[in-house]
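For reference, the structure is listed below as structure tokens.
Taken together, the values in this text are just the output of simple stated rules run on the coordinates, not laboratory data. Given the structure is predicted, the values throughout are model-derived calculations rather than measurements. All Cβ positions, even for glycine, are placed from backbone atoms using ideal geometry, and neighbour counts span all protein chains on display.
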Amino acid sequence: MPGIPLRNGGPAARIAVIPGDGIGAEVTPQAVKVLKAVAVPAKRALEFVEFDWSADKYLREGVTLPAGAVEMLRDEFDAILFGALGDPRVPSNQHAADILLGLRFQLDLYVNARPVELLHDRLTPLRDRTEKDIRLMVFRENTEGLYVGIGGNFKKDTPDEIAIQEDMNSRKGVERIIRYAFEYARKNGLKRVCMSDKSNAMTFAHGLWQRVFKAVRQEYADVDSRHLYIDTLAMELVRDPRQFDVIVTCNLFGDIISDLGAQLAGGLGLAPSGNIHPGKTSLFEPVHGSAPNIAGKGIANPLGSVLTSAMMLEFLGWTAEAAALRVAVRAALHENYVTPDLGGEKKTTEVGDWIAARAAKIASTSS
């Protein structure tokens, strides 16, 4: 999958690590291990600073995102490596919303980048599809839409209750994510951008998406661009994923369609993501969640976190090291050195050790 080389890589990088809850605390150390292993032969310096912003801390202290945390991350770190948040002891998921959504909004991480890439033919549920057929990028607007929390309840918990949730879209927000998608396609030699909305039903909010898309696409005549309603896009993505290179859409639809894409490529355990503001501190997280049902069993799949780390390295400009991680992950899948969810028998730490060794060997031959 083409990378996102949007930040100049230097000799050192400072990374904030937030393992979080559940399997986040198990897979994140494996990603750190792999990052350290690949940095050594490349003679690059990585500094990791870990922050305990977990459900345990929230239940113990009542603190979600500490005061001054956003400014500290923005000013003192190059990137954030995130694990997962979510704990059944916090049924409201308040700490997860405050921390993850808080960082997305307050750091203005307006790009949610979700690569969809099949790394082994056996992993897709689609018949007769191979690795060359499923390879695309989904860009989700990450700071607006239905996720901003504008709305409320009237006569709550009564038979007459009314609930309202507002879908907020700004021209600035829509234009910058659409433009980002076109720029990504152009820089990576990709020929097709598809914008998806539901403007036939959401005439005001997504009418804005239509108008902005029509204006911006005129600046990118070298890129084939088209529009699909979100329901049509979902059907077409399953019917023939080969027709897509880059998809760009709103916050809610991007959340849904990227998970559909992930399932076509082997499931959420292999799905990385980046929450990006070009040139500024950005956050990278696997999308599998905290999976409390398997937490503590030592069988969590670390490959999504490793692939997320590769995205982070690309963001920092370390493209060779990012490529080494991807090659190592692909090798683990093809040699079936994987956890039970992918049909293997290995433990989380065993996979982490294997990937670290393989990636270090690959990096040493390319440095």
Original post:
Once the piece of chain linking Arg14 and Val63 is laid out straight, how much longer is it, given 0.36 nm per residue of separation minus the C-alpha distance between them?
Top reply: 15.2 nm
Original post:
Per residue, how much space in cubic angstrom lies within the convex hull of the C-alpha atoms of the range 112-190?
Top reply: 147
Subject >> Convex hull of the range 1-160 built on C-alpha atoms - directionally averaged projected area, nm² >> reply: 14.2
Original post:
Restricting to the range 140-264, what percent of DSSP beta bridges are antiparallel, rounded to 5?
Top reply: 30
Subject >> Gain upon complete extension [Asp157, Glu335; 0.36 nm per residue less C-alpha separation] >> reply: 58.7 nm
Subject >> Karplus (6.51, -1.76, 1.60) ³J(HN,Hα), θ = phi - 60°, over the range 181-194, in Hz, Gly and Pro reported as x >> reply: 4, 5, 5, 4, 4, 4, 5, 9, x, 9, 9, 10, 10, 10
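Calculated FRET efficiency, Thr319 and Lys361, Cβ-Cβ r, R0 25 Å, to nearest 0.05?
0.90
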Subject >> Packing-based ranking, highest mean first, of 148-157, 317-326 given that Cβ atoms within 10 Å are counted >> reply: 317-326, 148-157
Original post:
Using every alpha carbon pair in the range 135-264, what percent of pairs falls into each 10 Å bin from 0 up to the bin containing the largest distance?
Top reply: 12, 42, 30, 11, 4, 1
Subject >> Estimated inter-spin distance, Leu101 and Leu260, nm [label 7 Å along Cα→Cβ] >> reply: 2.4
Original post:
Can you tell which of Asn336, Ser364, Leu85 lies farthest toward the positive end of the dipole of the chain, using +1 and -1 charges on the Cβ of basic and acidic side chains (Lys, Arg; Asp, Glu)?
Top reply: Ser364
Original post:
So, in nm, how far is label Arg242 from label Lys280 when the simple model puts each one 7 Å beyond its Cα toward the Cβ?
Top reply: 4.1
Subject >> For the range 135-264: lysine pairs under 24 Å (alpha-carbon distance), excluding those fewer than 8 apart on one chain >> reply: 6
**OP:** Using the 2.2 N^0.38 Å rule of thumb for compact globular proteins, work out how the chain stacks up: its C-alpha Rg over that value, please.
**Re:** 0.98
Subject >> Estimated 222 nm signal from helices in the chain, with DSSP H stretches of n ≥ 4 weighted -39500 (n - 2.57), rounded to 500 >> reply: -12000 deg cm²/dmol
**OP:** About the Cα centre of the range 135-264, how large is the charge dipole given +1 on each Lys and Arg Cβ and -1 on each Asp and Glu Cβ? Please answer in debye to the nearest 20.
**Re:** 600
**OP:** Pull out the extension gain between Ala45 and Arg89, defined as 0.36 nm times the separation in residues minus the alpha carbon to alpha carbon distance; nm, one decimal.
**Re:** 12.0 nm
**OP:** Starting with the highest mean, order 234-240, 302-308, 357-363, 246-252 by the number of other Cβ atoms within 10 Å, averaged over the residues of each peptide.
**Re:** 302-308, 246-252, 357-363, 234-240
